[in-house]
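Here is the structure we will look at.
The values are calculated or read from the model by the stated rules, or taken from the named source; none is laboratory data. Because the structure is a prediction, the values reported are computed rather than measured. Positions of Cβ are backbone-derived with ideal geometry, glycine not excepted, and every protein chain shown enters the neighbour counts. Ligands, DNA and RNA are stripped out before the accessible areas are found, and what is left, the full protein with its side chains, is counted by its heavy atoms. Shrake-Rupley method; radii C 1.70, N 1.55, O 1.52, S 1.80 Å.
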Amino acid sequence: MLKKILLLFLLLFTSTSFYAQNDLYVLEIKNGQDLGPIQTTTNLDGTLTFSMANTSFAESINTNTIFEFNEMFPTAITPRLKRVYLLLVSPNFPVQTILDRFEVENLFLMDPNENLLAEQAIFVLPNDYEDPILGGRNTALDIIRAPLAWTITTGDPSIVTGVNDAAASLVHPDLDGQILYTILDDINPLEDHGVNVSGLISAKTNNDSHVASIAYGSKLVFAHSFGGSTTLIPALLALSQEPNVRVINCSWSVAENHVLKSLLDDVVNEVVEQNGVVIAAAAGNDPTTEYRYPASYDNTISVTSSGH
């Protein structure tokens with residue numbers, strides 16, 4: 001898994017001929033052999049000279065032509081990730097000499113021409129795979145790897161997604177036939193959030209119109225709701241009792257101190273533990289340290305935003 005993560009990050013290094021002319025390595029240091037703070041001096045030829053607490057390791061790499069030596073995960077708190085570095089070196093870099101160092105766990109040579117986003121090689125993208133606002137390729141779907149996921153499934157029509165949201169009308173050409181039926185009847189005439197959410201989940205795809213969706217082969221059951229907690233929370237429970245609803249999307253949240261939070265506690269437990277339904281919930285759109293629910297329960301899937 002780590003190697004795949006490393007490969008994804010290295011796409012950042014394929015944009016210039018300078019990087020293509022040199023070799024990019026991922027260096028993992030063994031547990032207990034942390035290099036500590038690394039100080040660098042840039043030489044006139046662009047190479048680097050290093051100083052660190054481990055003077056023996058510094059002397060070993062200072063004999064080589066190294067252009068970059070950076071932490072790969074500078075914001076990480078996981079100990080292993082803090083011991084991983086990116087090295088940009090000349091083609092004559094003595095790989096075996098570094099591998100033989102007792103401090104070194106792994107040393108990977110990376111392919112500078114690898115493109116992890118080139119899923120077109122294994123299938124054809126749908127003809128409505130376009131950003132509805134910005135135009136061009138839908139990079140939000142790229143980020144979550146939707147094209148790669150579609151090689152496994154586009155959604156099972158026998159496993160229904162419940163949409164716990166607000167909507168004025170679900171009459172939309174991209175949703176025609178995708179929504180099996182609706183329950184409840186509490187409609188906000190000014191709200192279309194539920195239409196947007198439904199489209200992201202299961203809009204018709206490859207129909208040369210509107211947008212591509214994540215699970216366009218699946219079907220939806222929608223709970224009409226005004227959008228307030230007094231209707232959304234009961235609708236969540238009601239959806240979980242519908243036949244074949246195995247997952248419910250909640251693109252809404254309440255705070256810890258919300259007056260109905262304790263009731264939501266019990267509703268979520270009944271939905272998940274008693275009814276066996278998975279809840280996927282929005283973690284919130286605003287930067288905050290506050291817990292939001294149902295996303296912050298241990299037995300739900302919390303989904304942060306992905307896109308622009």
Quiz item: To the nearest whole percent, what portion of all C-alpha pairs in the stretch 151-308 is separated by more than 21 angstrom?
Solution: 43 percent
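What dipole magnitude, in Debye to the nearest 20, does the chain give about its Cα centre under +1 on Lys/Arg Cβ and -1 on Asp/Glu Cβ?
Details: 14 positive and 35 negative charges, 119 e Å.
Dipole magnitude for the chain comes out near 580 debye.
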Quiz prompt | Simple spin-label estimate for Ile144 and Ala168 in nanometres, 7 Å along Cα-Cβ | solution = 2.5 nm
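From the helices alone, meaning DSSP H stretches of at least four residues, give me the mean residue ellipticity at 222 nm for the chain, per-run term -39500 (n - 2.57), in deg cm²/dmol to the nearest 500. Show your work: numbers first, answer last.
Numbers: 9 runs with 66 residues, N = 308.
Calculated from helices alone, the mean residue ellipticity at 222 nm is -5500 deg cm²/dmol.
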Quiz item: Given Pro91, Thr47, Leu109, which one lies farthest toward the positive end of the charge dipole of the stretch 26-112, if we put +1 on the Cβ of every Lys and Arg and -1 on the Cβ of every Asp and Glu?
Solution: Leu109
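Give me the accessible area per residue for the chain, probe 1.4 Å, as a whole number in Å².
Working: 16620 Å² over 308 residues.
Ligands and nucleic acids excluded, the figure is 54 Å² per residue.
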Quiz prompt | Rounded FRET efficiency, nearest 0.05, which uses the C-beta distance separating Tyr291 from Thr49 and R0 of 45 Å | solution = 0.45
Quiz item: Modelled label-to-label distance, Asn70 and Asp208, 7 Å Cα→beta-carbon offset: nm?
Solution: 4.5 nm
Quiz item: Quick one, which of (i) 1.04; (ii) 0.95; (iii) 1.30 is the actual Cα Rg over 2.2 N^0.38 Å calculated for this model?
Solution: (iii)
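Please report the relative contact order for the stretch 124-267, taking Cα pairs under 8 Å with a sequence separation of at least 6, and give it as a percent rounded to a whole number. Don't jump to the answer; show the numbers that get you there.
Values: 266 pairs, mean separation 44.7, N = 144.
Over the stretch 124-267, the number comes to 31 percent.
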Quiz item: Which of the aspartates and glutamates could a cross-linker bridge to Lys82, judged by Cα under 12 Å and excluding same-chain residues fewer than eight apart?
Solution: Glu28, Asp34, Glu71
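What is the percent carbon and sulfur in the accessible area of the chain, measuring with a 1.4 Å probe over the protein chains and ignoring ligands?
Values: 9030 of 16620 Å².
Ligands and nucleic acids excluded, carbon and sulfur give 54 percent.
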Quiz item: Residue by residue through the stretch 130-140, which ³J(HN,Hα) values in whole Hz follow from phi under the Karplus form 6.51 cos²θ - 1.76 cosθ + 1.60 (θ = phi - 60°), with glycine and proline marked x?
Solution: 9, 5, x, 9, 8, x, x, 4, 6, 6, 5
Quiz prompt | Segments 77-86, 205-214 sorted - mean Cβ within 10 Å per residue, highest first | solution = 205-214, 77-86
Practice problem: Would you kindly compute the Cα radius of gyration of the stretch 224-308 and its largest Cα-Cα separation (Dmax), both in Å? | Solution: 12.4, 37
Quiz item: Using alpha-carbon pairs under 8 Å, 6+ residues apart, how would you state the relative contact order of the chain in percent?
Solution: 14 percent
Quiz item: Amide H to amide H, which residues 5 or more places from Phe73 or on other chains are under 5 Å from it, using H placed in the peptide plane?
Solution: Val84
Exercise. Find the centroid of the Cα atoms in the stretch 198-257 and in the stretch 127-146, then give the distance between the two in whole Å.
Key: 21 Å
Exercise. Search the structure for amide H atoms under 5 Å from the amide H of Glu105, placed 1.01 Å from N in the peptide plane, and list their residues when 5 or more places away or on another chain.
Key: Glu28, Ile29, Lys30
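Using 0.36 nm times the number of residues separating Asp192 and Leu109, minus their current alpha carbon distance, what extension gain do you get?
Numbers: separation 83, 0.36 × 83 = 29.88 nm, distance 4.96 nm.
Roughly 24.9 nm would be gained on extension.
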